[in-house]
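See below for the structure under consideration.
The values are calculated or read from the model by the stated rules, or taken from the named source; none is laboratory data. This is a predicted model, so every value here is computed, not measured. All Cβ positions, glycine included, derive from the backbone under ideal geometry; neighbour counts span all protein chains shown. With ligands, DNA and RNA removed, areas are computed over all heavy atoms of the protein, side chains included. Shrake-Rupley method; radii C 1.70, N 1.55, O 1.52, S 1.80 Å.
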Amino acid sequence: MRPNGRSENESLYFTYPHFDAPDPAERSKQKDVAPVAIVGAGPIGMTAALALAKEGIRSVVFDNKATFNDGSRAICVARPSYYILEQLGAVAPFLEKGLGWTTGRSFFRGEKILEFKMPDGPDEKFRPMYNLQQQYIEQFLWQAVEANDLIETRWQSEITGIEDTSDGARLNVQDPSGDYGFAAHWVLACDGARSQLRTMRGHRLKGENFEGRYVIADVQMDHDYPTIRRALFDPDSRPGGTVLIHKQPDNIWRIDYQLEDGESTEDALREEKVRESVTSVLKDIDYTGSWELEWWSVYSANTLAMDDYRDGRVFFVGDSAHIVPIFGVRGLNNGLADAANIGWKLGWVLNGKAGEALLDSYSPERRGATFDVFANASKSARFMTPNSHGWRLMRDATLSLALTHPFAGELANPRQMTAFTYSESPATLAEDPSFIGGPGVGALMPESQMDGDFLSDRLGKGFTALCFDEDLAQQIVTACASDNSLTVLSLAHPSAVSDKFAADARSVYLVRPDMHIAGRWHEATAEVVIEGYHSVTFRKGVL
Amino acid sequence: MNHADLENIYAALARKIDEVGEAQSELFLAKLVLLLAHNNGDAEEVLECIDGASASLVTNN
Ligand SMILES: Cc1cc2nc3c(=O)[nH]c(=O)nc-3n(C[C@H](O)[C@H](O)[C@H](O)COP(=O)(O)OP(=O)(O)OC[C@H]3O[C@@H](n4cnc5c(N)ncnc54)[C@H](O)[C@@H]3O)c2cc1C
């Protein structure tokens, strides 16, 4: 919502674009058929389109709006998401505009009780987290989408029906000039939390309807404070409650606070009420200058997911498949990982580089990640906003102890934003028990600084085999000579990198296009690596 | 004790405090401390912990 007198898209710092509907004359010349139709041009739909385009796959994206989502919404973009954006060739503006951060500070009744740092260092290419308003996220993705010849976007075009065909699905599209049918072999439903496709296909989100409600308010002010996330426990402004404060670009500050059980949402969202709440929070942080209210909204903490993210030729991606609580900032990050996951897999299948069975790994991998988010978020929620005497007492005891005993502070440390490990997926291989240490199968590949660049910079576009022996590397190259989708890297042994991977000279790691580890062998041969590569890409026959 | 152990203990305590109820929680916690002190066996260490826990108590306002 916006202050009285300003319309939904009238921001203090951002100009919302207007997108016309397809010109009926132009549109009639276009083909209403595509390998992949993407429903929803939110951050997830655009990312999915870019991920497919990276594999050379054409898609048509439909969105029923004429501009981006209103308001700043999701503002924390985590390190794994920056890797996704980098792979899609879109990361530059994100790096330029986003505010990277590593530190959080917690205050208990006005007193600073602890400071935590998320893992970072010279071996890391990206910061653990960046703050950036969602409309910038959408704008930067849009710049990449618009520039990509393989993606066609139809704004003001709503999908109002879907029906299976022998080789895909037929969508009914409604735009200002009428209705038409559109045929696609595959459909990505990126149509958000209120997904109409989910309803049309007879599915629903299941799980706990967690009762927490949070007001998120953005204000613009000249506040001199570094990009450090502040958590105020039991502050004067909200006795018994918790307030979170984040810095965003353009002098915008995000203030989050939980509503008490008795508070009505409607009342809490009144402009005067929001101004009052913000004023008292600013007093808590000793800000006395002027400020302007930019936007506010309410977000409820739910843990809801579909039983299966796939229904035949329709994949549910992002918020359409799951709604996650606010703590842990995974709503957007989790969706971006969904989009990257289905993007490379569908791309590989459509290119004939992988068998169709690869697609069966999408739902288990990403549902696993969602449930991991749920578990972490409920832990955080119980700490940030305890809802019973026992949880509150333990929380307060921990905070009080943290002043003098660092171990207690660890309990207040929000779970770091590590990517989920796909260890029990059909698209990863069995773990090799002879490794002692190193990243396990399914984990995101750890980054490492090389001479002047990073390990991730040297990965191929497809799969990459990390070898630590020149001869073995050469043998793998020879064995897969005709396949340019497998890149072989020969890394020094012993070295900082080989230590990080707990690698022997004969060890090999097989890294997927999404940088997750498909498999690893402590004592590898070229044959076993190629066989593993075939197995996780569900290929039959020779390369 | 690793981080996960500590988290499990935190959760078990929170649940038990809720189970015994607010009126009995003080008694429950005092009993728990005595039990842990007995198991620990090092009186000096326990007395140190008593001081440690009472330090920086923030008063409720
Ligand atoms: C008010 C609010 C505050 C939030 N705050 C946070 C936060 O602080 N932190 C956080 O991590 N996350 C937050 N989120 C969640 C975050 O915004 C979402 O996780 C993210 O936007 C998901 O992206 P998406 O692309 O899956 O869905 P959306 O962004 O919802 O995009 C879906 C798109 O599909 C379009 N669409 C829907 N139906 C159709 C149809 N039938 N035909 C064509 N197009 C259709 C919609 O117009 C929309 O553009 C917030 C969300 C809201 C609504």
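Please give the total accessible area that chains B and A bury against each other, computed with a 1.4 Å probe and expressed in Å² to the nearest 100.
1900
With each label point set 7 Å from Cα along the Cα-Cβ vector, what nm distance links residue A:147 and residue A:31?
The modelled label-to-label distance comes out at 2.7 nm.
Take a quick pass over region A:1-120 and tell me how many lysine pairs come in under 29 angstrom between Cα atoms, counting only ones 8 or more apart or on separate chains.
On the way: A:29/A:54; A:29/A:65; A:31/A:54; A:31/A:65; A:54/A:65; A:54/A:97; A:65/A:97; A:97/A:117.
Pairs that pass both the separation and distance tests number 8.
As an exercise, find the ratio Rg/Rh for region A:231-311 from alpha-carbon atoms, using the Kirkwood inverse-distance average for Rh.
Numbers: Rg = 15.5 Å, Rh = 14.6 Å.
My calculation puts Rg/Rh at 1.06.
In square angstrom, what is the accessible area per residue of region A:316-424 with a 1.4 angstrom probe?
31
For the charge dipole of region B:3-54, defined by +1 on Lys and Arg C-beta atoms and -1 on Asp and Glu C-beta atoms about the Cα centroid, which residue among B:12, B:53, B:39 has the Cα displaced farthest towards the positive pole?
Among B:12, B:53, B:39, the one farthest towards the positive end of the dipole of region B:3-54 is B:12.
Determine, for each peptide in A:74-86, B:15-27, A:300-312, the mean count of other beta carbons within 10 angstrom over its residues, then list the peptides with the highest first.
Listed from highest to lowest mean packing, they are A:74-86, A:300-312, B:15-27.
What does the structure give for A:378-391 when I average, per residue, the other chain Cβ atoms found within 10 Å of the residue Cβ?
3
Roughly how much of residue A:97 is accessible, in Å² to the nearest 10, using a 1.4 Å probe?
About 60 Å², ignoring ligands and nucleic acids.
Give me, ordered by chain and number, the residues 5 or more places off residue A:491 or on other chains with an amide H under 5 Å from its own placed amide H.
A:467, A:468, A:469
Given a 1.4 Å probe, show me the residues in region B:1-49 buried by at least 40 Å² of accessible surface when comparing the whole protein assembly to the chain alone.
B:3, B:6, B:7, B:10, B:14, B:17, B:18, B:22
Between region A:244-297 and region A:58-136, how many Å separate their Cα centres?
Taking the Cα centre of region A:58-136 as reference, the centre of region A:244-297 is 21 Å away.
Under a 5 Å amide H to amide H cut-off, with H placed in plane at 1.01 Å, what residues pair with residue A:326 once short-range neighbours are removed?
A:302
Compute the whole-percent fraction of alpha carbon pairs in region B:3-54 spaced more than 12 Å apart.
71
Take region A:421-543, compute every pairwise Cα distance, and split them into 5 Å bins from 0; I just need the percent in each bin.
P(r) over region A:421-543, rounded to whole percents: 2, 12, 24, 27, 22, 10, 3, 0, 0.
What's the FRET efficiency of residue A:10 with residue A:388 using the Cβ-Cβ distance as r and R₀ = 41 Å, to the nearest 0.05? All intermediate terms of the calculation are to be shown ahead of the outcome.
Numbers: r = 42 Å, r/R0 = 1.03.
Efficiency computed from Cβ-Cβ geometry: 0.45.
How large is ³J(HN,Hα), in whole Hz, for each residue of region A:225-233 in order, when computed from phi with the Karplus curve 6.51 cos²θ - 1.76 cosθ + 1.60 and θ = phi - 60°, using x for Gly and Pro?
Using θ = phi - 60°, the values come out as 7, x, 6, 9, 6, 9, 10, 9, 8 Hz.
Rg to Rh for chain A: what is it, with Cα atoms only and Rh by Kirkwood?
Details: Rg = 24.3 Å, Rh = 24.8 Å.
In chain A, Rg relative to Rh is 0.98.
Take the alpha-carbon centre of region A:160-196, take the same for region A:10-42, and report the distance between them in whole Å.
Between the Cα centre of region A:160-196 and that of region A:10-42, the gap is 14 Å.
Among A:475-488, A:360-373, how do they line up by average Cβ neighbours within 10 Å per residue, starting with the highest?
Put in order of decreasing packing, that is A:360-373, A:475-488.
Spelling out what I want: for every residue of region A:171-178, take phi, set θ = phi - 60°, compute 6.51 cos²θ - 1.76 cosθ + 1.60 (Karplus), and round to whole Hz; glycine and proline get x.
Result, ordered by residue: 9, 9, 10, 10, 10, x, 9, x Hz.
Ordering A:13, A:509 from largest to smallest accessible area (1.4 angstrom probe), what's the sequence? Spell out each step's value before the answer.
On the way: A:13 40, A:509 0 Å².
Ranked from most to least accessible, the order is A:13, A:509.
Report the one residue of A:64, A:326, A:156 whose Cα lies farthest in the direction of the positive end of the charge dipole of chain A (charges on C-beta: Lys and Arg +1, Asp and Glu -1; origin at the Cα centre).
A:326
Can you tell me the FRET efficiency between residue B:1 and residue A:279 if r is taken as the Cβ-Cβ distance and R0 is 45 Å, rounded to the nearest 0.05?
0.55
What ranking, highest mean first, results for peptides A:59-66, A:287-294, B:33-40, A:512-519 when packing means the other Cβ atoms within 10 Å averaged over each residue?
The densest-packed peptide leads the list: A:512-519, A:59-66, A:287-294, B:33-40.
Only Lys, Arg, Asp and Glu count, each charged at its Cβ (+1, +1, -1, -1), so figure out the dipole size of region B:3-54 about its Cα centre, rounded to 20 debye.
Details: 3 positive and 11 negative charges, 54 e Å.
The calculated dipole for region B:3-54 is roughly 260 debye.
Return the carbon/sulfur percentage of the accessible area of the protein assembly as shown, one whole number, probe 1.4 Å, all protein chains in place.
Values: 13160 of 26160 Å².
The value for the protein assembly as shown is 50 percent carbon and sulfur by accessible area.
Place a +1 charge on the Cβ of each Lys and Arg in the protein assembly as shown and a -1 charge on the Cβ of each Asp and Glu, then give the dipole magnitude about the Cα centre in debye, rounded to the nearest 20.
Details: 57 positive and 87 negative charges, 174 e Å.
Using Cβ point charges on Lys, Arg, Asp and Glu, the protein assembly as shown gives about 840 debye.
List the residue ranges in chain A for DSSP H helices whose C-alpha atoms run 24 angstrom or more along the long axis and whose Kyte-Doolittle average is -1.0 or above. Each step should come with its number before you reach the end.
On the way: long enough: A:331-350 (28 Å, 0.40); A:362-384 (32 Å, -0.55).
Span-like helices, by this rule, are A:331-350, A:362-384.
Where a Cα-Cα gap under 12 Å defines reach, which aspartates and glutamates qualify for residue A:273, not counting those fewer than 8 residues away within the same chain?
A:263
Can you give me the long-range amide H partners of residue A:516? Hydrogens built in the peptide plane at 1.01 Å from N, cutoff under 5 Å, separation of 5 or more residues or another chain.
Correct list: A:445.
Going toward the positive end of the dipole of region A:329-451, with +1 on Lys and Arg Cβ and -1 on Asp and Glu Cβ, which of A:377, A:341, A:400 do you reach last?
Checking the options against the dipole of region A:329-451, the answer is A:400.
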